[in-house]
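The values are calculated or read from the model by the stated rules, or taken from the named source; none is laboratory data. Keep in mind that this is a model prediction, so the values were computed, not measured. Note that each Cβ is placed from the backbone with ideal geometry, even for glycine, and that neighbours are counted across all protein chains shown. Accessible surface areas use protein heavy atoms only, side chains included; no ligands, DNA or RNA. Shrake-Rupley method; radii C 1.70, N 1.55, O 1.52, S 1.80 Å.
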Amino acid sequence: REGELVYALSSGSDRPVLALRERFVGAAQPKLRPGAAARAKISRFSGHYRAEAAAPLQAFQNVELNRLYPGISLQLAARGRSLEKLFLLAPNADPEQISVTIDGAEALSVAADGQLALGTAMGPVAFTAPIAWQTIDGERRDVAVAYRIDRSDPKQHRYGFALGDYDRSQPLTIDP
C-alpha cells in the first residue's frame, strides 16, 4: 500500500495482531509491475457464508516495485508464510540509498548470527540475515553484506545494508 510493506503478525488465535510497516525512506512512488500469473485465484466473500462471491482476483507469483530508488527495484514474492524481498540494483546504482524504517518496532539490532532483531510489543521478531550476489559471465559471485542500523534518529527504527567489495559496473542482488 502506497509503497509500504505491511505485516500482520499474531502469536495465537486469541491474541491481538501486531502490525509492522516497512517504509522506504526517500523512495519515489514505485511503479508496480506484476510478474507471471499464479495458478491460484483469490475469492472474496461479503456478508455471511451464503453471500455470493465476487469475481475472483488474479494472483501473481511475484510483483516488482520498479524505480523505488534510482537504479533500484524491489521484487516481492510470497513463499509459504513468509515474504521474500529482493533488492535489484542496476549497474552503478548506489546501495546507500536503501533506507527502511520499521514502524511498530520498539527496538532494532543486529544479532550475532546476522539476523535483524526487532523488539515488539508481542515479543521478538527476526528478519533473516541478508545475502548478496552478482552474476558475472554466468557465474554467481557472493558479496559480503550485513544489516546496517541507522541511529541518526532514535525515534526511528531504520536499517540499510553494509556491503563488501563488488563490481559496481554489474547488477547486484540483495536478499534480506
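Taking 0.36 nm per residue of separation and subtracting the current Cα-Cα distance, fully stretching the chain between Asp150 and Leu86 would add 21.0 nm.
For region 67-176, the fraction of 1.4 Å probe accessible surface lying on carbon and sulfur atoms is 49 percent. Normalised per residue, the accessible area of region 64-176 is 52 Å², obtained with a 1.4 Å probe and no contribution from ligands, DNA or RNA. A cut-off of 5 Å between modelled amide H atoms, ignoring neighbours fewer than 5 places along the same chain, links Ala93 with no other residue. Can you compute the FRET efficiency between Ala36 and Glu139 using 1/(1 + (r/R0)^6), with r the Cβ-Cβ distance and R0 = 25 Å? Round to the nearest 0.05. The formula returns an efficiency of 0.45 here.
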